[in-house]
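A quick write-up on the structure given underneath.
FYI, it's all coordinate maths here, none of it is from the lab. Values in this document were obtained by computation on a predicted structure and should not be read as measured data. Note that each Cβ is placed from the backbone with ideal geometry, even for glycine, and that neighbours are counted across all protein chains shown.
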């Protein structure tokens, strides 16, 4: 197993930054396969976000931040903070994803654009969570 050195955390982070968007894109592909109606693109992005959020949260919390909550209520409060920040960043990346789809009208390009959006979004969300959600001083604010 990779240690908790800067190289180890960085390696884990890169792995998660590739793995999490791959799960997201796979969920989009399944959703598009199951529903091909008028709202297929929006539906696929929503399904993918619902599949990716818990996974990303668990991986970051456990392996990147080594964060241990003070209980279910504390963890719930942190999830709310993280989700609130995520709504804004996710909105930006959804707009980028829709833009790539509209410009190319090609699912392969939409998935490629989505992967790039997700990877960059993962980096932004990681920094936001590290600075605010998983920071030690947040414990005292929520408890």
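With each label modelled as a point 7 angstrom along the Cα→C-beta vector, the residue 123-residue 87 pair spans 2.7 nm.
With Cα atoms as the point set, region 73-121 shows a radius of gyration and Dmax of 14.0, 45 Å. Taking label positions 7 Å along the Cα-Cβ direction at both residue 115 and residue 11, the computed distance is 2.3 nm, reported to one decimal.
Ordering 57, 62 from the fewest to the most neighbouring beta carbons within 10 Å gives 62, 57. Cβ crowding within 10 Å, taken as a proxy for footprinting-reagent exposure, orders 95, 23, 32 from fewest neighbours to most as 95, 23, 32.
Across region 61-99, the residues whose backbone nitrogen lies under 14 Å from the label position 7 Å along the beta-carbon direction of residue 131 are 85-86, 89.
Compared with the direct C-alpha span, the chain from residue 38 to residue 18 gains 4.2 nm at full extension, assuming 0.36 nm per residue. Give me the distance in nm between label points sitting 7 Å out from Cα along the Cα-to-Cβ direction at residue 99 and residue 26, one decimal. For the pair residue 99/residue 26, the computed spacing is 2.9 nm. Here the residues 61, 36, 125, ranked from fewest to most Cβ neighbours within 10 Å of their Cβ, fall in the order 36, 61, 125.
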